[in-house]
Structure formats: C-alpha cells, structure tokens
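Before any comments, here is the structure.
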Amino acid sequence: MRIRDNSPPPASFQLAPMIDIVFLLLIFFLVTYQITEQEKDLKIAVPTTTEGSQKARVANKIVINLSAEGVITISGKVFTKDELRETLERIVKAAEVANKGGADQQPVRIRLDQDGRNQQTLELVDEIQKAGIWNIDFATRSPKKP
C-alpha cells in the first residue's frame, strides 16, 4: 500500500511581486514628494524663537524670501516690490475665479534673514496686503540645544 504525504510543498519566496510593490512605492513617493528646496534661499538664516509652532504644510503656500539686503525672491526668481504685488494680485484673481471667494486666505510664508531690517519687512507685508492677501506667517527655527 502506498502512503501519501499530505504536507504542503515548501513555500518559495516570489520575487517578482515584491519588486512590483517596491517600484510602486518608489513611484508613489517620488510623485508625492514636495520639493521645498526651491522655495528656500539657503543664504537666508531665519530668526530663532522658542515659542514658534510647526504648522502643517499647505500645498498652495507661497514662500517669499527676503534677504538682509532687501532682495525679494520666490523659487529663486528675484522680484521688485511692484512685480511681487502684480504677481500676487494675479494669484488672488485666479483664486477668486476658482474658489468664488476666500481668495484673501491664500497662505503666504515670509522667510526673513535674521539680520534684516524691520522697515524692509513691513514694506514687504504692505505689498502682500495691497495684493489682497491677509494669511501671512513668518518662518522661524528653534534655537540649537546645548
């Protein structure tokens, strides 16, 4: 009489589905990764605060860099005050068409140099507000821990 072996065959590791999953994850993370280095002017050292809070990142936030010399840049492009106001006004008008209201809530983050002057900062804020944007915050960093 013949005895049958009822044990299952040895399991083998399927490599092809694993490679597919890894590539899908890689593509997902590459597509969803937000390139923030374009927004940052690495020459600007933002001021430190102990009470600042880290807000969640908003997809359509405009990051404006203001150097100590008063140079205004967005994504590496230099703007004069008039060019900045015109650009922001166009963004507000486009938001009004798309949102049908609430365009003044367009988020703007200002990255100031810690050695900058207050007058330049206030003039920049005035230009942003003239364009119709009131949702403004300032970039800061935590002080280094000893």
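From the list THR80, THR87, pick out the single residue that is surrounded by fewer than 14 Cβ atoms within 10 Å (Cβ to Cβ) and of a type in the set (S, T, N, Q).
The conditions single out THR80.
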Close pairs from the range 76-96: first among the charged types (D, E, K, R), partner modelled with pLDDT under 90 and not in a helix (DSSP H, G or I), Cβ under 6 Å, at least 6 apart = ARG85/ALA131; GLU89/ALA131
Among (1) more than 16 Å from PRO107 (Cα to Cα); (2) modelled with pLDDT of 85 or more; (3) surrounded by 15 or more Cβ atoms within 10 Å (Cβ to Cβ); (4) not acidic (Asp, Glu), the one test that ILE44 misses = (2)
Given (1) at pLDDT below 85; (2) exposed (fewer than 15 other Cβ atoms within 10 Å of the Cβ); (3) over 26 Å from THR32 (Cα atoms), number of the condition ALA59 does not satisfy = (3)
Subset of the range 114-136 [surrounded by 13 or more Cβ atoms within 10 Å (Cβ to Cβ) and at pLDDT below 80] = GLY116, ARG117
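The values are calculated or read from the model by the stated rules, or taken from the named source; none is laboratory data. Quick caveat, the model's predicted, so the values are computed rather than measured. Methodologically, a virtual Cβ is constructed for each residue, glycine included, from the backbone with ideal geometry; neighbour enumeration extends over all protein chains shown.
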